[in-house]
Every structure is written in structure tokens, then in C-alpha cells.
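Trainee: Below is a structure I'd like to ask you about.
The values are calculated or read from the model by the stated rules, or taken from the named source; none is laboratory data. Here the structure is a predicted model, which means the values were calculated and not measured. Reconstructed Cβ throughout: ideal geometry from the backbone, glycine too, with neighbour counts over all protein chains shown. The area values use the complete protein model at the heavy-atom level, side chains included, leaving out ligands, DNA and RNA. Shrake-Rupley method; radii C 1.70, N 1.55, O 1.52, S 1.80 Å.
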Amino acid sequence: MRGLAALGVLTTHVALSAGQVGIGDVPGNGFAGVMLHQLHVSLPIFFVLSGVLLYRPFVAATVAGSQGPKLRPYLWRRLLRTMPAYWLLVVVTLVLLNRDAVNTLWEIVRPMLLLHIYQENARVIGMEQTWSLATEVAFYALLPLMAWLMHLFARRVTDPVRRSRRILACLLVPMIVGVAYTVYVHGPAFEPWAIQQEWPFKWFGYVAIGMALATLSVTAEAVPDRVPAPYRLLMRRPGLAWVAAAGVYLAACFSPFGEPGYANYPAVPQAVTEHVLYLLFGLLALAPLTMPKESPRFMVAFLSNPVMTYLGRISYGVYLWHIAIIYFYGGGLMQAGGFIELMSVVLVGSVLAASVSYFLVEMPAMRLRERLGKATVKPSVEVIER
């Protein structure tokens, strides 16, 4: 799923760069532009997956009474999995794409610490997409505190299902905050594309969707005869979730609000509509893969073949490098040539760069984390996290 998400994000950025998606008064490529632009629904998959995989051992300790992860190993593992490959991107893009704009030490330290998304006019060329990584890292840091607070609230009751319901009620809060912040940041108080629209407040609701799926999955394992009805329905008919996800994607493509096929800054109605639809898409796309029972054969065949498995393995590098490669090839995000030509170059270049990153940076860091962040969760969960 990470591989698919990375490909979706790459494709929508290539489509924008190649003029397939309209912007300002410049039209895109009609129907193709509409469909390509809304591949942006791929982005929530990263957040939802993080919520599912990282919160699962925490919620298992609360609902099922298993041993939860230790804080220090957890933080080491997140640091070593995320930052070394990112630091490589920072060094390359600062040297090759931003050399003339770097005048102080702070302009180097700021992106190294993922603080560039919190300061206006601090964006780094070739790293525009890393605002979402900053949201991920903020979630990594806050998750133990969030899990502990929900644990205290849920443990006041003894029944696993009631504990699960309390956690699900808590997770409504970041979803509501995300919608409210979307209304606020797309309103008259901010200029279009203000840096504040990239801050984590807007995006934690997607992580909360993943945390909710982790909670339902653990509950289904602990008390299989008392699973909530919607989740039980999907356990019986998991293919329905993907059909519904496709319907949500089409609804996002042809929303009555805004201008389909244009990447202009959305007004409040369009922004809220897309926000809610993306929440639904992330929920429906990932729900079948969180269920205790074996996934349907077509899902296994589609997601577990060697090509998709490899793309999933290197997906972090694909996400990190594809924008920089667009710059290297075309000179800028909006002047990079025809779609087929650019897609071929960026896809091949991203896979090559991601493969180098994976084998020379990410794998050594992951071997190191086995010493500094020794696993404290069940092997099955650990395999999924990798």
C-alpha cells in the first residue's frame, strides 16, 4: 500500500508539472487532468498506515492486556527509520538546488530538523512534499503521550469492547479538529497557500483514522463475537471497501465545489469536502488489510506480487526523491516537459534513487536500530512495520 501511495503522489506531481492539471487561468488536459489531479487521495494512505501500524501495539496493551512498547526503543526506531534517508535528501538538494539561497547556518539546520514548514518563505526547492513528513514526525513524537492518555481513560472500565469504544470516542477529537482547522486556514484569515495550511493540525485526523482501524482490529482479535457491525460487515465482504473507496475517489474528482482538474487553492466548501472525502478514502482503502482474517485472494495477488512488494519496500525513497528529480530534469515544477516523457524519467529516476537510498542508507540504519531500538512488540506486528 505504501508503494501505491508513493506512485499516486508521484503521478499527481508529474501531471501538475507537465501541465496535465490546470492552475490559475491555464487549463489542464480535461478529463485526464481531473483524474490525475485527484490521485492526491493517495496521500492519506501514508498517514493512515502510520496510525494503524504504530498505534496497534499501544492499543493492544490497553484493550487486550498485552505488553506495550517501551518509549526509548520506540523513539530510536522512529528516528533511525525516518531521518537518515531524509538527511541525505537535504544535503543533496541544498547543494545542487538551493546553493545560492543558503546564507546562514540556520538555513541548513532548519530543514535538517524539519522546521522549514513552520516558517513562511522557508520552503526548500526539491523538498516541497516534505511538509507531510513533518506531520508524520510530529505524530511519532506525540503518539506515546496520546496512547497513554487514552489508556488512562479506557482502563477505567474492564470490558475490552467498552475500552475500545472509549478509545474510538477519543479519536473523534483529532478528526473534528482537522475539519475545523481546514475551515480556519482556508478562510479569510490567511492568504492562499499560507504555510499554516501544511501544519499537522489539519492532518492528524487521517492518523486518527488509522488509530481507529488499529483499535477495531485488536478488538476483533480479542472478542471476535462483539465486533462493531460496520467492521463485521467488511470482515465478511472486504471487497466492498475497495469498491466504496473507488466511489469516494470519483466523488472527489467530480465534486460540485471548486474547479475539477485545477490545482488552485480551494475555498472552504471545496477544502472541507475534499478533507472529508480523503478521510473516507483512507478508511476504506486500508480497512480490509487490518482485519484478523486472511485478506481476499485478489488483494493478496495485487499487493503481494514481487513488483508491488519491492515498490513498497523502497516507497519512502520514492516519496523523498521524486520532486527533486523533476527539478533535475526539467528545471522546475511547472516547466518539465510532456507527461509521458516526464513520467518515464521521474518514475525510473525515483526508483533508482530510492533503491540506492534503501540499500546504502535505510537498511544500515535499520540494522542499527535493532541494537538501539530493540523490538518490544510481537513479531507479526514488527514484520508489518518493516
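Trainee: Residue under question is residue 278, and the condition is that it be open to solvent by 60 Å² or more (accessible area, probe 1.4 Å), in a helix (DSSP H, G or I) and either closer than 29 Å to residue 89 by Cα or not hydrophobic (A, V, I, L, M, F, W, C) (or both); does it hold?
Mentor: Against the criterion (open to solvent by 60 Å² or more (accessible area, probe 1.4 Å), in a helix (DSSP H, G or I) and either closer than 29 Å to residue 89 by Cα or not hydrophobic (A, V, I, L, M, F, W, C) (or both)), residue 278 does not qualify.
Trainee: Which ones in segment 239-271 are buried (at least 16 other Cβ atoms within 10 Å of the Cβ) and outside any loop (DSSP other than H, G, I, E, B)?
Mentor: Those that are buried (at least 16 other Cβ atoms within 10 Å of the Cβ) and outside any loop (DSSP other than H, G, I, E, B): 241, 242, 244, 245, 248, 249, 251, 252, 253, 262, 270, 271.
Trainee: What tally of residues in segment 1-29 results from selecting those that are in contact with a strand residue (DSSP E or B) (Cβ under 9 Å, 6 or more places away or on another chain) and assigned to a helix (DSSP H, G or I)?
Mentor: 1
Trainee: Among the residues of segment 100-121, what is the count of those that are surrounded by 13 or more Cβ atoms within 10 Å (Cβ to Cβ), outside any helix (DSSP H, G or I) and in contact (Cβ under 8 Å) with a residue 60 or more places away in the chain?
Mentor: Residues meeting the conditions: 0.
Trainee: Can you pull out every residue in segment 134-160 that is farther than 11 Å from residue 62 by Cα and in contact with a helix residue (DSSP H, G or I) (Cβ under 7 Å, 6 or more places away or on another chain)?
Mentor: Listed by number, the residues that qualify are 134, 135, 136, 137, 138, 139, 140, 143, 144.
Trainee: Of all residues in segment 184-196, how many are assigned to a helix (DSSP H, G or I), open to solvent by 20 Å² or more (accessible area, probe 1.4 Å) and modelled with pLDDT under 95?
Mentor: Here the count works out to 1.
Trainee: Another question, then. Does at least one position in segment 103-116 carry a residue that is modelled with pLDDT under 95 and among the basic types (Lys, Arg)?
Mentor: no
For every residue, the table says whether it meets (1) open to solvent by less than 50 Å² (accessible area, probe 1.4 Å); (2) under 30 Å from residue 269 (Cα atoms); (3) part of a helix (DSSP H, G or I); (4) modelled with pLDDT under 95.
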site	(1), (2), (3), (4)
139	yes, yes, yes, no
149	no, no, yes, no
156	no, no, no, yes
173	no, yes, yes, no
182	yes, yes, yes, no
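Trainee: Let me spell it out: the conditions are (1) touching a Pro at 6+ places or on another chain (Cβ under 7 Å); (2) more than 22 Å from residue 322 (Cα to Cα); (3) open to solvent by less than 40 Å² (accessible area, probe 1.4 Å); (4) of a type in the set (A, V, I, L, M), and residue 34 meets all of them except one. Which number is the exception?
Mentor: Status for residue 34: all satisfied but (2).
Here is a yes/no grid of residues against (1) within 28 Å of residue 322 (Cβ to Cβ); (2) exposed (fewer than 15 other Cβ atoms within 10 Å of the Cβ); (3) basic (Lys, Arg); (4) out of contact with any Ser or Thr (no Cβ under 8 Å at 6 or more places or on another chain):
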position: 85; (1), (2), (3), (4): yes, no, no, no
position: 94; (1), (2), (3), (4): yes, no, no, yes
position: 98; (1), (2), (3), (4): yes, no, no, yes
position: 123; (1), (2), (3), (4): yes, no, yes, yes
position: 130; (1), (2), (3), (4): yes, no, no, yes
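Trainee: Going by the conditions given, is residue 41 part of a helix (DSSP H, G or I), in contact with a helix residue (DSSP H, G or I) (Cβ under 7 Å, 6 or more places away or on another chain) and of a type in the set (A, V, I, L, M)?
Mentor: Spelling it out, residue 41 is indeed part of a helix (DSSP H, G or I), in contact with a helix residue (DSSP H, G or I) (Cβ under 7 Å, 6 or more places away or on another chain) and of a type in the set (A, V, I, L, M).
Trainee: Under 8 Å by Cβ, and 6 or more places apart or on different chains, what pairs join a residue from segment 158-175 that is within 19 Å of residue 64 (Cβ to Cβ) with one that is outside any helix (DSSP H, G or I) and of a type outside the set (Gly, Ala, Ser)?
Mentor: 160/223; 161/223; 163/155; 163/157; 166/156; 166/157
Trainee: If you don't mind, there's one more thing I want to ask. Output the number of residues of segment 122-133 satisfying the condition of being touching a residue at least 60 places away in the same chain (Cβ under 8 Å) and touching a helix residue (DSSP H, G or I) at 6+ places or on another chain (Cβ under 6 Å).
Mentor: Summing the residues that are touching a residue at least 60 places away in the same chain (Cβ under 8 Å) and touching a helix residue (DSSP H, G or I) at 6+ places or on another chain (Cβ under 6 Å) in segment 122-133 gives 6.
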